[in-house]
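Undergrad: Structure incoming, see below.
The values are calculated or read from the model by the stated rules, or taken from the named source; none is laboratory data. Nothing here was measured: the structure is a model prediction, and the numbers come from that model. Reconstructed Cβ throughout: ideal geometry from the backbone, glycine too, with neighbour counts over all protein chains shown.
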Amino acid sequence: MTFERNYKEILRAQLEAVTKRKVYVSNDIHYQPLDDDPEAIVMVINTGGTSRSSVDGFDMNTLPISINFICQANYLQEIFGILNQIAKENNAKYYQTEIDGTTYYYQVIYSDAFQIGGAYKVHLERRTVNCITGNWLLNITYSENAIIEPSTFKLKIGSTEYDVKFINRYDMSAIPVTEPIHYIGEEDQYEELLSTKIAYSFVLLKVKSDSLQTKLRQHLTKATNLNKEALQLKIDGVTIDINNLSVTEIYENKTAVYNLVLNA
């Protein structure tokens with residue numbers, strides 16, 4: 001089974017979990033289950049144009065999906081509400097699914113659903129109903145071996161542990177600290193290893209309400225001094241003692257970020 005086919009079943013299950021209506025999923029534009037079940041929702045899923053990695057053996061795929069959904073006109077706002085709620089609860093989250101013994105990791109970015117054209121009449125065997133067609137666009141990144149989900153970070157300040165969230169980027173570095181040595185009588189100069197400087201850098205998107213970001217702003221405004229507190233960073237459950245931190249807040253073009261650097 002392909003990832004695309006597997007995801008169609010995932011999507012159908014998501015929809016049926018939040019609506020009492022039967023959901024029919026197809027990639028056939030001539031499929032007409034409303035003839036037998038006019039209370040249902042029909043979703044015609046169009047896939048194709050998958051972008052793949054240019055690195056041999058590195059499985060990274062981007063799959064655009066366009067979904068046309070058909071339902072009775074009276075149910076349109078109900079369906080919009082259901083689809084937009086699914087998008088709100090699942091957008092940009094990371095999931096995994098198993099296909100024929102292989103685990104795939106994926107992330108979905110959702111658009112808001114929208115109406116295409118006006119209502120039209122569908123003549124069924126026993127009656128005629130007014131129907132509406134809408135569209136829903138999804139963009140899926142999936143992989144069999146690429147690590148698409150970032151590590152989980154927690155920063156402990158004093159006795160309080162904070163989730164490090166809204167990470168736009170992070171990097172970890174281990175840089176050797178050396179001292180030049182020149183022995184008398186020799187032309188060559190050597191480097192003596194003194195220590196290794198470990199640093200963890202984060203770019204955090206600034207949001208209205210976040211406990212850690214509140215502490216960082218307090219540090220910048222001298223309301224507190226976080227470097228006087230005991231600091232620890234947890235990376236996927238592994239704890240590292242932090243010696244000190246530095247914080248920069250940057251605002252540019254309607255977006256603000258915190259640059260947070262932790263030195264171990």
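Undergrad: Quick one: GLU186 ticks every box in (1) assigned to a loop (DSSP other than H, G, I, E, B); (2) surrounded by 15 or more Cβ atoms within 10 Å (Cβ to Cβ) except a single one, so which number is it?
TA: (2)
Undergrad: Considering only region 1-101, give the strands (runs of 3 or more DSSP E) lying wholly within it that have at least 1 residues that are modelled with pLDDT of 90 or more and either at negative phi or surrounded by 11 or more Cβ atoms within 10 Å (Cβ to Cβ) (or both).
TA: By residue number, 61-72, 94-99.
Each row is one residue, and each column tells you yes or no for (1) of a type in the set (A, V, I, L, M, F, W, C); (2) under 30 Å from ILE99 (Cα atoms).
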{"position": "ALA119", "(1), (2)": "yes, no"}
{"position": "CYS131", "(1), (2)": "yes, no"}
{"position": "GLU144", "(1), (2)": "no, yes"}
{"position": "LYS165", "(1), (2)": "no, no"}
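Undergrad: Out of all the residues in region 185-203, which are of a type in the set (Val, Ile, Thr) and modelled with pLDDT of 95 or more?
TA: Once the filter is applied, which keeps residues that are of a type in the set (Val, Ile, Thr) and modelled with pLDDT of 95 or more, region 185-203 yields ILE198, VAL203.
Undergrad: Hey, another quick one. Counting only residues that are without any contact (Cβ under 8 Å) to a residue 24 or more places away in the chain and either in contact with a Lys or Arg (Cβ under 7 Å, 6 or more places away or on another chain) or not in a helix (DSSP H, G or I) (or both), how many does region 189-217 have?
TA: 10
Undergrad: Let me ask something else about it. Consider only pairs whose beta carbons are under 8 Å apart and that are at least six residues apart or on different chains; among these, list those whose first residue lies in region 161-178 and is more than 18 Å from LEU231 (Cα to Cα) and whose second residue is β-branched (Val, Ile, Thr) and assigned to a loop (DSSP other than H, G, I, E, B).
TA: Close Cβ pairs satisfying both conditions: PHE166/VAL207.
Undergrad: Filter region 87-112 for residues that are over 24 Å from ILE167 (Cα atoms) and in contact with a Phe, Trp or Tyr (Cβ under 7 Å, 6 or more places away or on another chain) and give the result.
TA: Those that are over 24 Å from ILE167 (Cα atoms) and in contact with a Phe, Trp or Tyr (Cβ under 7 Å, 6 or more places away or on another chain): THR97, ILE99.
Undergrad: For region 241-259, how many residues meet the condition of being part of a strand (DSSP E or B) and either of a type in the set (A, V, I, L, M, F, W, C) or out of contact with any helix residue (DSSP H, G or I) (no Cβ under 8 Å at 6 or more places or on another chain) (or both)?
TA: 13
Undergrad: Within region 172-216, can you find the residues that are within 14 Å of ALA264 (Cβ to Cβ) and of a type outside the set (A, V, I, L, M, F, W, C)?
TA: SER173, SER195, THR196, LYS197, TYR200, SER201
Undergrad: Scan the strands (runs of 3 or more DSSP E) fully inside region 104-167 and keep the ones with 1 or more residues being in contact with a strand residue (DSSP E or B) (Cβ under 8 Å, 6 or more places away or on another chain), loosely packed, with under 12 Cβ neighbours inside 10 Å and outside the structural domain of VAL203 (by TED's automatic domain parsing).
TA: Because the criterion is at least 1 residues that are in contact with a strand residue (DSSP E or B) (Cβ under 8 Å, 6 or more places away or on another chain), loosely packed, with under 12 Cβ neighbours inside 10 Å and outside the structural domain of VAL203 (by TED's automatic domain parsing), the strands (runs of 3 or more DSSP E) in region 104-167 that meet it are 114-123, 128-143.
Undergrad: What about ILE116, is it at negative phi and in contact (Cβ under 8 Å) with a residue 40 or more places away in the chain?
TA: Considered against the rule, which asks whether it is at negative phi and in contact (Cβ under 8 Å) with a residue 40 or more places away in the chain, ILE116 comes out as yes.
Undergrad: Within the bounds of region 204-221, is there any residue that is small (Gly, Ala, Ser), within 22 Å of the chain's Cα centre (by Cα) and modelled with pLDDT of 95 or more?
TA: Yes, the conditions are met somewhere in region 204-221.
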